[in-house]
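Here's the structure we're looking at; comments come further down.
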Amino acid sequence: MATLEIRDLHVSVEADNSTKEILKGVDLTVKQGETHAIMGPNGSGKSTLAYSIAGHPKYTITSGTVTLDGEDVLEMSVDERARAGMFLAMQYPVEVPGVSVSNFLRTSATAIRGEAPKLRTWVKEVKTAMETLQMDPAFAERNVNEGFSGGEKKRHEILQLELLKPKIAILDETDSGLDVDALRQVSEGVNRVHASGEVGTLLITHYTRILRYIKPDFVHVFAKGKIVASGGPELADELEAEGYEKYTKGGVTA
Amino acid sequence: MAEAQNIPVGSTTAGTIAVAAESTVATRMSAPPSFDVADFPVPHGREEEWRFTPLERLRGLHDGTAEAGGVLTVEVTAPEGVTVETVDRSDARIGRAGTPVDRVAAQAYSSFEKASVVSVPKEAVLTEPIRIAVHGEGGTAYGHQVVELGAFAEAVVVIDHTGDAVLAANVDFVLGDGAKLTVVSVQDWDDTAVHVSQHNALVGRDASFKSVVVTFGGDLVRLSPLVQYAGTGGEAELFGLYFTDAGQHQEHRLLVDHNTPHCKSNVAYKGALQGDGAHAVWIGDVLIQAAAEGTDTYELNRNLVLTDGARVDSVPNLEIETGEIVGAGHASATGRFDDEQLFYLMSRGIRAEEARRLVVRGFFAELVQQIGLPDVEERLLAKIDAELEASV
């Protein structure tokens with residue numbers, strides 16, 4: 001069973017000629033089949049955690065470890081991490097001019113699976129996945145994320161999640177900016193992937209709204225660069241009722 | 001009616017876009033078109049038609065100091081039925097397709113000694129392309145090339161430029177009524193070459209002219225395709241593809257002169273740039289004269305900046321003297337392939353070099369497919385891959 005282990009992770013960024021530490025010792029273990037929700041206020045470092053694990057060059061790991069089944073993730077290049085089974089659904093997916101969705105999906109599936117998928121089954125696979133997410137087939141011929149609405153971008157991320165079948169999926173605020181219909185469709189996609197039992201999910205969110213559709217096994221509260229509380233789904237209910245205030249006020253996290 | 005679309009590139013790219021202000025094709029020229037170099041003042045670099053060109057890299061082509069004496073071979077391979085001649089300056093077939101629009105073109109016209117004339121007789125439909133191999137072994141040369149098609153003739157001409165040269169030339173394409181001509185001009189020069197050339201097309205009644213300009217090489221390449229129509233119903237399609245590397249200056253200046261009613265033109269140029277000092281210039285002038293009712297024209301320029309340090313100047317310009325037209329429009333945009341795009345693709349398991357190839361191939365694919373010549377298309381895609389590999 002695939003396990004992602006994050007131990008005492010410290011991460012900083014360069015900003016205005018100074019170094020700012022954003023993650024201040026994160027510990028977390030995500031196993032295949034589990035769903036973890038990481039909840040926290042804006043600026044607490046949630047997205048930094050997601051991007052650091054994926055290997056974004058902007059972030060510098062100053063100490064700590066991230067391993068996937070014992071393999072050192074931090075030693076891997078961005079593409080190696082993906083091929084090892086990591087997936088990051090981004091909050092702001094990037095536009096890529098000149099590359100059609102269909103070409104992109106096939107190229108990444110080829111990279112992840114180690115061989116080009118057989119054309120006939122592949123076409124059917126993509127078509128079915130798009131239908132389930134209620135995406136227009138014409139979508140496949142558009143350039144990646146170019147001119148996509150917020151909802152289309154997120155659906156496209158979940159489409160990739162379904163096709164690439166990672167071991168560990170990190171969903172960075174996939175719910176933000178979605179209307180209720182899109183939120184439901186996206187959540188159904190995440191639940192389908194979860195139902196396979198093959199994926200460990202790290203769901204990063206600001207709002208409790210998505211947890212009406214996706215039921216986490218574990219809920220973690222993230223504040224000031226680290227996890228400050230962990231519990232079961234009941235923790236999300238508490239956050240919905242009381243907000244983050246208790247965790248962001250000085251003293252508690254110190 | 002005209003639509004301008006400009007997406008400025010990221011601030012770190014040093015890319016810029018300028019849309020022409022209130023001025024006309026005629027007012028922007030230093031002098032009216034002329035065959036005589038003496039009619040053009042020596043440019044100092046601030047003239048509209050020279051302001052993007054590094055004059056110091058023209059090796060004297062612009063100021064009369066470049067003396068011919070280089071070694072340049074022009075080899076024409078043509079299928080049966082095609083006449084290939086080398087003629088004197090006095091030959092009446094020279095200079096019919098268009099008049100030099102700048103000093104270097106006029107210098108070339110004033111300085112060439114022999115011209116090459118390729119004639120396809122009327123109604124001849126060639127199944128094999130005519131190949132013109134221009135190869136330089138260094139030094140300055142002035143050239144003139146004529147390709148003429150009789151009425152209803154059909155031909156494909158592939159012009160290859162290789163080696164090293166400082167070349168100024170004019171190339172005339174004369175299409176008889178109903179003729180169809182496709183010209184592929186590939187600038188695959190060594191990185192030291194300087195090539196300044198005007199391509200004149202005179203499109204006959206109901207004739208179709210398709211030009212595919214492909215520029216990869218050279219230190220400085222500046223091409224000026226000019227299209228004029230000799231009768232109604234003419235069509236011109238002008239496609240261009242350039243891959244500008246570090247230190248290269250590649251400039252394409254198009255002028256489509258709709259001087260005749262009911263003609264069409266479609267221009268699409270795309271370029272990728274990478275490396276320090278890579279500079280691409282695209283000027284798209286379309287002139288719809290008062291007499292040219294029923295004109296249908298569109299022009300497009302797209303640039304993809306792959307690295308920091310590259311610069312694009314793209315200036316589409318549409319000048320309309322009659323409202324009685326079918327359509328007229330233009331679009332220009334420059335985008336950049338940046339670290340975030342690279343990260344996004346790599347985060348899906350795609351290797352860095354594959355990601356770059358994906359983006360550039362995708363960018364050019366639509367244009368390449370319009371060429372309609374499979375062997376040329378394959379060669380181009382292979383060349384694009386090679387350019388990309390050389391870059392990293």
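The values are calculated or read from the model by the stated rules, or taken from the named source; none is laboratory data. Worth saying up front: this structure is predicted, and the values here are computed from it rather than measured. So basically every Cβ, Gly included, is an ideal-geometry build from the backbone, and we count neighbours across all protein chains shown.
Let me confirm something: among B:R351, B:R336, B:R357, B:R302, which residue is among the charged types (D, E, K, R), within 25 Å of A:M90 (Cβ to Cβ) and in contact with a strand residue (DSSP E or B) (Cβ under 8 Å, 6 or more places away or on another chain)?
B:R336
Quick check on B:K180: is it under 15 Å from the mean Cα position of the chain (by Cα) and at negative phi?
For B:K180, the condition - under 15 Å from the mean Cα position of the chain (by Cα) and at negative phi - is not met.
Identify, please: which residue in region A:158-172 is within 15 Å of A:V126 (Cβ to Cβ) and in contact with a strand residue (DSSP E or B) (Cβ under 7 Å, 6 or more places away or on another chain) and is, among those, surrounded by the fewest Cβ atoms within 10 Å (Cβ to Cβ)?
Filtering region A:158-172 for residues that are within 15 Å of A:V126 (Cβ to Cβ) and in contact with a strand residue (DSSP E or B) (Cβ under 7 Å, 6 or more places away or on another chain), the one surrounded by the fewest Cβ atoms within 10 Å (Cβ to Cβ) comes out as A:L164.
For region A:98-150, name all the residues that are over 23 Å from A:A84 (Cβ atoms), hydrophobic (A, V, I, L, M, F, W, C) and within 9 Å of chain B (Cβ to nearest Cβ).
A:V99
What tally of residues in region B:246-277 results from selecting those that are surrounded by 22 or more Cβ atoms within 10 Å (Cβ to Cβ), modelled with pLDDT of 95 or more and assigned to a loop (DSSP other than H, G, I, E, B)?
2
Mind checking which residues of region B:204-231 are surrounded by fewer than 23 Cβ atoms within 10 Å (Cβ to Cβ), touching a residue at least 60 places away in the same chain (Cβ under 8 Å) and farther than 29 Å from B:R357 by Cβ?
The answer is B:Q228, and nothing else.
Suppose we filter A:I38, A:I61 for residues that are away from chain B (no Cβ under 14 Å), crowded, with 21+ Cβ neighbours inside 10 Å and either among the hydroxyl-bearing types (S, T, Y) or not in a helix (DSSP H, G or I) (or both); which single one remains?
Of the residues listed, the single one that is away from chain B (no Cβ under 14 Å), crowded, with 21+ Cβ neighbours inside 10 Å and either among the hydroxyl-bearing types (S, T, Y) or not in a helix (DSSP H, G or I) (or both) is A:I38.
Yes/no per residue for (1) in contact with a Gly (Cβ under 9 Å, 6 or more places away or on another chain); (2) among the β-branched types (V, I, T); (3) within 14 Å of chain A (Cβ to nearest Cβ):
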{"position": "B:L342", "(1), (2), (3)": "no, no, yes"}
{"position": "B:R351", "(1), (2), (3)": "no, no, yes"}
{"position": "B:R356", "(1), (2), (3)": "no, no, yes"}
{"position": "B:F364", "(1), (2), (3)": "yes, no, yes"}
{"position": "B:L373", "(1), (2), (3)": "no, no, no"}
{"position": "B:E389", "(1), (2), (3)": "no, no, no"}
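May I ask you to list pairs of residues, at least six apart or on different chains, whose Cβ atoms are under 6 Å apart, with the first in region B:102-120 being farther than 19 Å from B:V87 by Cβ and the second being part of a helix (DSSP H, G or I)?
B:A106/B:V37; B:Q107/B:V37
B:V281 passes all but one of (1) farther than 19 Å from B:T307 by Cα; (2) in a strand (DSSP E or B); (3) not aromatic (F, W, Y); which number fails?
(1)
Kindly establish whether B:G218 is closer than 19 Å to B:A108 by Cβ, at pLDDT 95 or above and in a loop (DSSP other than H, G, I, E, B).
yes
Among all residue pairs at least 6 apart or on different chains, which show Cβ distances below 6 Å where the first residue, located in region B:128-157, is on the phi > 0 side of the Ramachandran plot and the second is in a strand (DSSP E or B) and surrounded by fewer than 23 Cβ atoms within 10 Å (Cβ to Cβ)?
Correct list of pairs: B:G138/B:D164.
Specify the residue that is nearest to the other protein chains (Cβ to nearest Cβ); the eligible residues are those in region A:64-79 that are assigned to a strand (DSSP E or B) and surrounded by fewer than 21 Cβ atoms within 10 Å (Cβ to Cβ).
A:E71
Conditions: (1) at pLDDT below 95; (2) in contact with a His (Cβ under 9 Å, 6 or more places away or on another chain); (3) within 14 Å of chain A (Cβ to nearest Cβ). B:V305 meets all but one. Number of the miss?
(2) is the only condition that B:V305 fails.
Given the structure, is A:G98 assigned to a loop (DSSP other than H, G, I, E, B) and modelled with pLDDT under 95?
Yes.
Kindly indicate which of A:G43, A:G25, A:G33 is in contact (Cβ under 8 Å) with a residue 60 or more places away in the chain, at positive phi and either assigned to a loop (DSSP other than H, G, I, E, B) or buried (at least 21 other Cβ atoms within 10 Å of the Cβ) (or both).
A:G33
Matching residues to (1) part of a strand (DSSP E or B); (2) touching a Lys or Arg at 6+ places or on another chain (Cβ under 7 Å); (3) among the hydrophobic types (A, V, I, L, M, F, W, C); (4) in contact (Cβ under 8 Å) with a residue 24 or more places away in the chain:
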| position | (1), (2), (3), (4) |
| --- | --- |
| B:P41 | no, no, no, yes |
| B:E48 | no, yes, no, yes |
| B:E56 | no, no, no, no |
| B:H62 | no, yes, no, yes |
| B:T65 | no, no, no, no |
| B:T73 | yes, no, no, yes |
| B:G81 | no, no, no, yes |
| B:D91 | no, no, no, yes |
| B:I94 | no, no, yes, yes |
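From the list B:T297, B:T322, exactly one residue is modelled with pLDDT under 95 and more than 14 Å from every other protein chain (Cβ to nearest Cβ). Which is it?
The conditions single out B:T322.
Conditions (1) modelled with pLDDT under 90; (2) surrounded by fewer than 19 Cβ atoms within 10 Å (Cβ to Cβ), marked per residue:
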| site | (1), (2) |
| --- | --- |
| B:A280 | no, no |
| B:A328 | no, no |
| B:E353 | yes, yes |
| B:G362 | yes, no |
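Taking region B:309-344, which residues are under 16 Å from B:A272 (Cβ atoms) and over 25 Å from the mean Cα position of the chain (by Cα)?
B:D338, B:Q341, B:L342
Could you pull out the residue among B:L388, B:L380 that is buried (at least 19 other Cβ atoms within 10 Å of the Cβ), out of contact with any Lys or Arg (no Cβ under 7 Å at 6 or more places or on another chain) and in a helix (DSSP H, G or I)?
B:L380
Suppose we filter B:A207, B:A155, B:A165, B:A108 for residues that are within 19 Å of B:G95 (Cα to Cα) and touching a strand residue (DSSP E or B) at 6+ places or on another chain (Cβ under 8 Å); which single one remains?
Selected residue: B:A108, the only one of B:A207, B:A155, B:A165, B:A108 that is within 19 Å of B:G95 (Cα to Cα) and touching a strand residue (DSSP E or B) at 6+ places or on another chain (Cβ under 8 Å).
Taking A:G33, is it more than 14 Å from chain B (Cβ to nearest Cβ) and touching a helix residue (DSSP H, G or I) at 6+ places or on another chain (Cβ under 6 Å)?
No; evaluated as a whole, the condition is false for this residue.
Quick check on region B:137-146. Is at least one of its residues surrounded by fewer than 23 Cβ atoms within 10 Å (Cβ to Cβ) and of a type in the set (A, V, I, L, M)?
The answer is no, given that none of the residues of region B:137-146 is surrounded by fewer than 23 Cβ atoms within 10 Å (Cβ to Cβ) and of a type in the set (A, V, I, L, M).
Of the residues that sit in region A:80-97 and are within 8 Å of chain B (Cβ to nearest Cβ) and aliphatic (A, V, I, L, M), which one is surrounded by the most Cβ atoms within 10 Å (Cβ to Cβ)?
Per the criteria, the residue is A:L88.
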